[in-house]
Amino acid sequence: MSNNNGFSIEAMELGPMENFIYIIHDHATNRAAIVDPAWNVAHILDRAEEKGVKITDILLSHSHADHINGVQEVLDVCDAEVHMLKAEANFSGKFQEMATLHYGGDTIMLGETQIEVLHTPGHTPGSACFHIGGELITGDTMFVFGCGRCDLAGGDPNQMFDTLNKIKQNIPQDTVIHPGHNYAEIEVSTLAEQVEGNPFLHFSNKADFVKYRMVEHDKIRDIPYHPVMQQVIKA
């Protein structure tokens, strides 16, 4: 669990794909947002009850089934507002009528906690990261020492290259990264650690990045991911 002034973030690893589902808790109001509810909604709801929080919001990083298959089950119990990027709703056709649709740079207020929505395409056209204080929930955009696939429908390695470089350049280095899956030897990391050890952040040439992401990476790396130094990528 990550605690900050006024809010905390708790991760639950659920499902066969090692998904991380997050509870963001605004301490002042006891409101909570669930990020990417999936797989075991009963466990999510039980944990929210144990914490004494009220689920008022659902944040979706993207529309793949392993990140959204519990949305309706949460809504059957909670009067919650669904948040998704408009670009993702347009791409997937999901939640267009029921969700509040956002653009990159929008802010969601969870009680007194400010959540900035970042548009981070690459894994899907409307993938989002959620920036809360010194924390960044990255969905399938960035894993610890990895990044999301770009060979599924809507994926684009050229966009992923641009997205990861924007994160590298614009987000403070001490930001804590909370990924969408537990694919690495550690569950969370700082951006500084990712700049040093995430191979996808080592590329300055887009063509080289695309070749590595689409052709080479899955042949030479296995889960759990470990850090890869820049010298190895250059070699």
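The values are calculated or read from the model by the stated rules, or taken from the named source; none is laboratory data. What you are looking at is a predicted structure, and each value in this text was computed from that prediction instead of being measured. As a convention, Cβ positions derive from the backbone with ideal geometry for all residues, glycine included, and neighbour counts pool all protein chains shown.
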* Determine the pairs where a residue that is touching a residue at least 12 places away in the same chain (Cβ under 8 Å) and among the aromatic types (Phe, Trp, Tyr), located within region 151-173, has a partner that is in a loop (DSSP other than H, G, I, E, B) and surrounded by 16 or more Cβ atoms within 10 Å (Cβ to Cβ) with Cβ atoms under 8 Å apart, the partner being 6 or more residues away or on another chain. => Phe161/Gly122; Phe161/Phe203
* To do: Considering only residues that are in contact with a Phe, Trp or Tyr (Cβ under 6 Å, 6 or more places away or on another chain) and surrounded by fewer than 16 Cβ atoms within 10 Å (Cβ to Cβ), look in region 187-235 and name the one that is farthest from Gly155 (Cα to Cα).
  => Ile223
* Counted residues, region 5-45 - those being under 18 Å from Pro179 (Cα atoms), part of a helix (DSSP H, G or I) and not aliphatic (A, V, I, L, M) -> 0
* For region 174-213, name all the residues that are touching a Leu at 6+ places or on another chain (Cβ under 9 Å) and aromatic (Phe, Trp, Tyr). => Phe200, Phe203, Phe209
* Across region 158-167, what is the number of residues that are more than 17 Å from His178 (Cβ to Cβ) and crowded, with 22+ Cβ neighbours inside 10 Å? -> 2
* Structure fact -> Output for Cβ contacts, cut-off 6 Å, separation at least six or different chains, first residue over 19 Å from Ser2 (Cβ atoms) in region 183-202, second modelled with pLDDT under 95, reads Pro199/Ile233; His202/Gln230; His202/Ile233
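Suppose we filter region 112-126 for residues that are surrounded by fewer than 20 Cβ atoms within 10 Å (Cβ to Cβ) and either of a type in the set (Asp, Glu) or touching an Asp or Glu at 6+ places or on another chain (Cβ under 8 Å) (or both); how many remain?
Residues that pass the stated criteria total 2.
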* When you scan region 46-142 for strands (runs of 3 or more DSSP E) that lie fully inside it, which ones turn up with 3 or more residues that are touching a residue at least 24 places away in the same chain (Cβ under 8 Å)? -> 54-59, 81-85, 113-119, 128-132, 135-139
* **Tabulated pairs, region 206-235, first farther than 23 Å from Met17 by Cβ and β-branched (Val, Ile, Thr), second assigned to a helix (DSSP H, G or I) and at pLDDT 95 or above, C-beta under 6 angstrom, 6+ apart or interchain** => Val210/Pro157; Ile233/Pro199
